[in-house]
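All remarks here apply to the structure that follows.
What follows is calculated from the coordinates using simple rules that are stated; it is not laboratory data. All of these numbers come straight from a predicted model, not from anything done at the bench. Note that each Cβ is placed from the backbone with ideal geometry, even for glycine, and that neighbours are counted across all protein chains shown.
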Amino acid sequence: MLRTEKLSKYFGGNQAVNSVDFQINQGEITAIIGPNGAGKTTFFNLISGLHPPTSGKIFFEGEEVTNKRSYEMAKMGIARTFQTTKLFAGATVMENLMIGHRLRTKSGFWGAVIRSQRYRNEERACREKALQVLEFVGASALANRSVASISQEEQKRVAIALALSTDPKIVLLDEPAGGINADETSNLAELITKMKNAGLTICIIEHKMQMIMKLADRIMVLNQGIKIAEGTPDEISRNETVIEAYLGGGAHAQAH
Amino acid sequence: MDLFFQQIVNGLVLGSIYSLVALGITLIYGIMHLPNFAHGHLYMLGAYVTFFLITDYGLSYWPAILFAVAILVVIGMLLERLVFRPLHHAPHINSMIASIGVMLFIEAIARKMWGSDYRRLDSPYDGIIDLFGLNITEQRLLVIVSAVVLMIGLHLFLKRTVIGSTIEAMAQNREGAFLVGINANKVSLMTFAIASGLAAAAASLAAPINLVYPSMGAMVNLKAFVIIVLGGMGSIPGAVIGGYILGLAESISGTYINSEYKDLAAFVLLILILTVRPTGLFAKEAR
Amino acid sequence: MRFVPGSKWVVAALFFVALAIPLLTDNSYYLNMLIMVFIWSIAVSGMNIIAGYAGQLSLAHAGFFGIGAYTLGLLMVKAQMSFLVSLAVSVVLTGMVGAVVGMISLRLKGHYFAIFSLCMGVILSLVIEKWESLTEGVRGLLGIPVPKIGSVEFSTLTSQYYLILFFFVLAMFVNRQIIHSLVGRTFISIRNSEELAESLGIHAMKSKMLAFVYSTVLAGLAGALYAGYLRFLGPEIASIEHAFEMLLYLLVGGIGTLWGPVVGTALVMTLMQWLQSWQDYRMIIFGPILVLIVMFLPHGIMGAFAQLKKNQPSVLPDTTDDKNRGIERGVNDRRLAGGESDA
């Protein structure tokens, strides 16, 4: 569904992502794992159009989308979340969510000034969409709470709801379980499964291996910008290179 | 031809002053990510302090400069501590607006206390030197030489001392600096002190050439911003080179084009550059 | 979008008071003062749209005010065009200059945009001052004719008052409609995080352009009304000092709030009038006030007001009312570029 060909990104002399061939299959949960600084988030930034790649190509549903900007990617059906949720803390959950469906609306300045029929319909559609995705992520009760007053896990859910309100085909989740406890993590895993069952294609970056091994259909492992392995969770857990990259790095880190 | 070289000298004098002011702004920007719109007004304060130390308190030129630098260092540190440090974690628009507030305040104070008159400070070095057939006043030569000395001093400070290299490290990466245990607050305080001191030094050196008046800082300030955008915000070599480029460009265009539009030249240049390169001439690719 | 209960009535009441004022008093001092407040409020509310809602601090707005003012003045004086046509042309031309400036400057991020706009403001004021063959430079543009619409001449203070009140109300109405709409939310989402907004399919550049052009149109409209009211112009109206004053009005009233620009302009202009004999001390007082506001009251008076209202349990939103759903105000974070309030 989404495919990259020799995708690379350099920052100055640093190779953050180096010639990665990768594929996300429709209806699957694909995970990207790797040690810190492996280039996972940069890779997400490339396939979501936030940064232009230095070289290589990106295809979405057979069409080349290499240099499309992130707002264009979103319109085509690629939604994402960020490691830090970036929600607007000064507003309510509902206010944050209202904007998520904006890309499917057409009203502009004049429509808003005269409150045209179309504008009113579209505003209603945004509101309904927001309520619908809130219900989907199980956070309906939070609608009128201010973002600053809800928990970390709730913020993660709202961020996912926001991504869902764009009517995506693929959802890219950047560490959705970062900074939340074990119980909350398993609740979140349930939500992700629910998203998959609803027909969404999902790509996820995560450090929590247990969760990934259970959830993912396929896993890609990045290390220092290079793809070192790809396969099913079973294959990955037996892969020598992966074990070395992880344990080697881990042992090294612990020695300090 | 003589006129041309004369203008080169004038351009270097102007460039020296611009560079010193721009260095301060770029240091502060590098460390605190704050475009300090009040910096030109610190320069103006420096000029007044020098002026009064000499005319009212009878100090001679060099002690007056030293005192002016010391006083501005203290003022700069106070500003950092009272205004900009508390705003460090606020969105960037807040500290920008605060610096505008400081700017308005300083200019109003100067106007109130010292009036809007133009004042002239007589140079103790008003002799004329014959340099390779060029007539150059001692004071102008002094400005050029002192600026170079100050820049070399700053360079050595940043490269050779612990606190200096800390400042450099933090300009590169504030979060990283935190990790290796650098006291970020101390560094910003230092930076403000150095930047204000440089502004005061520039002002004292320039005072005998230019007139002293309350709005003298505003234009220098704007031009210093043009320079650091030109040279890349936060870049030290950029500020120095940009300062001399602008000084030379102004003095030459002022002679050969039209002095009415001299001030405009800098801004048009900036607009053109930002149109072509939205992050300045020498900026690194942003992540 | 929910109004703080009662504030709709406050606005309506104030509107009727504004309508009735010329009937109650013919004190030219007060009428003049109110007219100036209306004019500057329009310009400041433009600054608010781009700085307070879209999060891009523009210091070029005095320049756009100047463009609007001089366009109207020149068209009426030198081309003998009628008031309404001149007004329309001034507004459109300011918007067009705004579009060109915006196209260049809005690609710049954060600080670069502010610095660019500051330089742009200096350029605009220098051009107005130095282009003497067109603008008469520092001599000033004199003899702008009395505004006339059809056969109605706006020669008295009272008639000018109603003319300018009309445009003020119009501008505030459009502001309200925009701020409390998907369009306004789009602006806020960019202020909050351009990256997030773009990942949600929002074309940030396009939205910022809209916000910027609209904000310059408001500044141009204010300038044109100013020219038609005072009927002479000097280049100092476009000076950067005026941009700083506008920023002061905006901050005191409350950046990122609908009524902040009006409250701030009215309050600070009144204070400045009182302090007129203290002319020299003005900025000695207001400079530190600006600093204190960004430190302790980042949403100004209206922000503080909204916060107070919010803390009263009686105004918790009624979730059964679809119109009011989910709009509890949050201005509790210390962000300037954050929080939106209605009050």
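Three principal axis extents describe the C-alpha atoms of the range C:98-157; from largest down they are 49, 27, 20 Å. Shape descriptor for the range A:83-166: Rg over Rh equals 1.01 (Cα atoms; Rh from the Kirkwood inverse mean 1/r). Shown is the FRET efficiency for C:GLU153 and C:VAL100, computed with R0 = 45 Å from the Cβ-Cβ distance and rounded to the nearest 0.05: 0.80. Both radii are taken from the alpha-carbon atoms of the range B:37-190; with Rh as the Kirkwood radius, Rg/Rh is 1.04.
One equal scatterer on each Cα of the range C:78-180, no solvent, Debye formula: the resulting log10 I(q)/I(0) at q = 0.19 Å⁻¹ is -1.21. For C:ILE104, what is the net charge nearby, where nearby means another residue's Cβ is under 14 Å from its Cβ and Lys, Arg count +1, Asp, Glu -1? Computed value for this residue: +4. Counting only other chain Cβ atoms within 10 Å of each residue's Cβ, the peptide C:120-130 averages 3. Loop-located GluC sites (Glu not before Pro) across the range A:32-70 with a Cβ neighbour count of 15 or fewer within 10 Å are A:GLU61, with loop assigned by DSSP. Scaling against 2.2 N^0.38 Å puts the C-alpha radius of gyration of the range C:7-334 at 1.00.
The C-alpha atoms of chain C define a longest principal axis, and helix C:204-230 lies at about 40 degrees to it.
The Cβ shell under 11 Å around B:VAL212 holds other residues with a net charge of +1, Lys and Arg each +1, Asp and Glu each -1.
Just from its helices, what would the mean residue ellipticity at 222 nm be for chain A, if runs of 4 or more DSSP H residues each count -39500 (n - 2.57) and the sum is divided by every residue, rounded to the nearest 500 deg cm²/dmol?
-11000 deg cm²/dmol
A Cβ-based charge dipole, computed about the Cα centre of the protein assembly as shown with Lys and Arg at +1 and Asp and Glu at -1, lands at about 1200 debye.
Ordering B:HIS89, B:TYR43, B:ALA202 by Cα displacement along the dipole of the range B:16-216 toward the positive end leaves B:HIS89 in first place; charges were set at the Cβ atoms of Lys, Arg (+1) and Asp, Glu (-1).
Sorted into 5 angstrom bins from 0, the C-alpha pair distances of the range A:71-110 split as 5, 16, 24, 26, 20, 8, 1, 0 percent. Taking every Cα-Cα distance in chain B and sorting them into 5 Å bins from zero, the calculated P(r) comes out as 1, 6, 12, 17, 19, 18, 14, 8, 4, 2, 1, 0 percent.
The convex hull around the C-alpha trace of the range A:15-54, projected and averaged over every direction, spans 3.2 square nanometres. Computed packing ranks the peptides C:106-116, A:89-99, A:122-132 as A:89-99, C:106-116, A:122-132, most packed first, by mean other Cβ atoms within 10 Å. Counting Cβ atoms of other protein chains within 10 Å of each residue's Cβ and taking the mean over peptide A:64-76 gives 3. Its convex hull of Cα atoms gives the range B:106-257 a direction-averaged projected area, equal to a quarter of the hull surface, of 11.8 nm². Measuring nothing but alpha carbons in the range C:71-129 and taking Rh as the Kirkwood radius, the Rg to Rh ratio lands at 1.11.
For a distance above 29 Å, tell me the whole-number percent of Cα pairs in chain A that qualify.
Looking at chain A, the distances longer than 29 Å represent 33 percent of pairs.
With a/c under 1.5 counting as rounded, go ahead and sort the range C:188-233 into rounded, prolate or oblate using the C-alpha gyration tensor (a ≥ b ≥ c being the square roots of the eigenvalues; past the cut-off, prolate if a/b is larger than b/c, else oblate). Prolate, since a/c reaches 1.5 and a/b exceeds b/c. The mean of 1/r over all pairs of different alpha-carbon atoms in the protein assembly as shown, once inverted, gives a Kirkwood hydrodynamic radius of 29.7 Å. State the Cα centre-to-centre distance between the range C:1-68 and the range A:174-196 in whole Å. Using only Cα atoms to place each centre, the spacing works out to 49 Å. In chain C, the longest principal axis of the Cα atoms and the axis of helix C:157-179 are about 30 degrees apart. Need one number: the % of Cα-Cα pairs in the range A:23-82 sitting beyond the 13 Å mark. So the pairs more than 13 Å apart make up 65 percent of the total in the range A:23-82. When the convex hull of its Cα atoms is viewed from all sides, the range C:159-214 shows a mean projected area of 4.1 nm².
Residue ranges B:145-158, A:143-156 sort as A:143-156, B:145-158 when ordered by packing (mean number of other C-beta atoms within 10 Å per residue, highest first).
Binning all Cα-Cα separations of the range B:1-122 at 5 Å, short to long from zero, yields these whole-percent fractions: 2, 10, 16, 19, 18, 15, 10, 6, 3, 1, 0.
For the range C:1-133, calculate the relative contact order in percent as a whole number, restricting contacts to Cα pairs under 8 Å that are 6 or more residues apart. Computed value for the range C:1-133: 26 percent relative contact order.
The Cβ shell under 11 Å around A:THR84 holds other residues with a net charge of -1, Lys and Arg each +1, Asp and Glu each -1. Counting Cβ atoms of other protein chains within 10 Å of each Cβ in A:98-109 and taking the mean gives 5. When you count the other C-beta atoms within 10 angstrom of each residue and take the mean per peptide, B:26-39, A:30-43, B:202-215 line up highest first as B:26-39, B:202-215, A:30-43.
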